[in-house]
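One structure below.
The values are calculated or read from the model by the stated rules, or taken from the named source; none is laboratory data. Not measured: the values here are computed from a predicted model. Glycine also receives a Cβ, built like all others from the backbone with ideal geometry; neighbour counts cover every protein chain displayed. Just so you know, the surface numbers come from the protein's heavy atoms only, side chains and all, with ligands and any DNA or RNA stripped out. Shrake-Rupley method; radii C 1.70, N 1.55, O 1.52, S 1.80 Å.
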Amino acid sequence: MANVSHELKTPLALIRLFAETLELGRVPSEEKAQQYYRVINKESHRLTQLINNILDFSRIEAGRKEYRFAPTDVARVVREVIESYRFQIEQQGFALRVEVEEDLPNVPADEEALGQAIINLVNNAIKYSRESKTIDIEVRREGSKVLVSVKDSGIGIPRGEQKKIFEKFYRGEDSLVHETKGSGLGLALVRHIMEAHGGAVEVESTPGKGSTFNLVLPLGKT
Ligand code: ADP
């Protein structure tokens, strides 16, 4: 709880600081002002996502999270989520590639929850990359499943941590993880969401090279 509350305070403090500075007209240049607006924008996005994660997580823990399943075009959900974040991702220096197989069948899914799972994976790819900044997203069919994979060339995850990262509040041991803000809820939530879909989230990772997370969605009964 302390960690999560701290997580909420940091972006709020930044937003307040920059908003106050702007309001008082204490900004040396237009360029600086733009930079402050960007921080406010980015931090409020982060705050929204964090709050969404916390709310969803407490609903899940209380057994009160409701999913609304409907036949869903996963490729469209991926495209929509990515397009609304593309600017933010590329602005942070990432080369973003999205590859979607043609004519994928619909799968039973809760579009909002699925979108949130994808956002959490993309956020992690951003947070846990150093100099090499690439994000490759693929949507494809494998037998009776549709896969969404999010691949980065970041710090990677040691084998011994690859199971633990899906536990609530778990955070990795890499120094970059400690320098980076996080609540340790993101992947726990992704796992809950995927299990509710009768699917799974899988990870393949090599420390120092990068990680690939796969969301596996069953096609359901036809
Ligand atoms: P948080 O990012 O808030 O720590 P998550 O549940 O999203 O929480 O992730 C848990 C841990 O998994 C992270 O602290 C980090 O150690 C590791 N991790 C997740 N995604 C990646 C990634 N793409 N690359 C490297 N490590 C990752």
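Taking the C-alpha atoms only, the angle from helix 186-196 to the longest principal axis of the chain is near 30 degrees.
In percent, rounded to a whole number, the relative contact order of region 36-147 is 30, using alpha-carbon pairs under 8 Å and six or more apart. Dividing the convex hull volume of the alpha-carbon atoms in the chain by its residue count gives 138 Å³ per residue.
Loop-located GluC sites (Glu not before Pro) across region 168-222 with a Cβ neighbour count of 15 or fewer within 10 Å are Glu173, with loop assigned by DSSP. Between Gln91 and Arg171, the simple label model (points 7 Å from Cα in the Cβ direction) yields a spacing of 2.4 nm. Note on Ser29/Glu202: beta-carbon distance plugged into 1/(1 + (r/R0)^6) with R0 of 45 Å gives a FRET efficiency of 0.40.
If you plug the beta carbon distance of Lys209 and Ser44 into 1/(1 + (r/R0)^6) with R0 = 35 Å, you get a FRET efficiency near 0.60.
Surface exposure of the chain, expressed per residue as accessible area with a 1.4 Å probe, stands at 56 Å². About its Cα centre, how strong a charge dipole does region 25-163 have in debye, to the nearest 20, once Lys and Arg get +1 and Asp and Glu get -1 at the Cβ? The calculation lands at about 560 debye.
In the chain, Cα pairs under 8 Å separated by at least six residues give a relative contact order of 19 percent.
Annotation: extensible slack from Leu8 through Leu219 equals 72.2 nm (criterion: 0.36 nm per residue apart, minus Cα-Cα distance). Scalar couplings 3J(HN,Hα) for region 67-82, obtained by applying the Karplus form with A = 6.51, B = -1.76, C = 1.60 to θ = phi - 60°, are 9, 10, 8, 8, x, 10, 7, 4, 4, 5, 4, 4, 4, 5, 4, 5 Hz; x denotes Gly and Pro.
Each Lys or Arg adds one and each Asp or Glu subtracts one; over the other residues with Cβ under 13 Å from the Cβ of Ile15, this totals +2.
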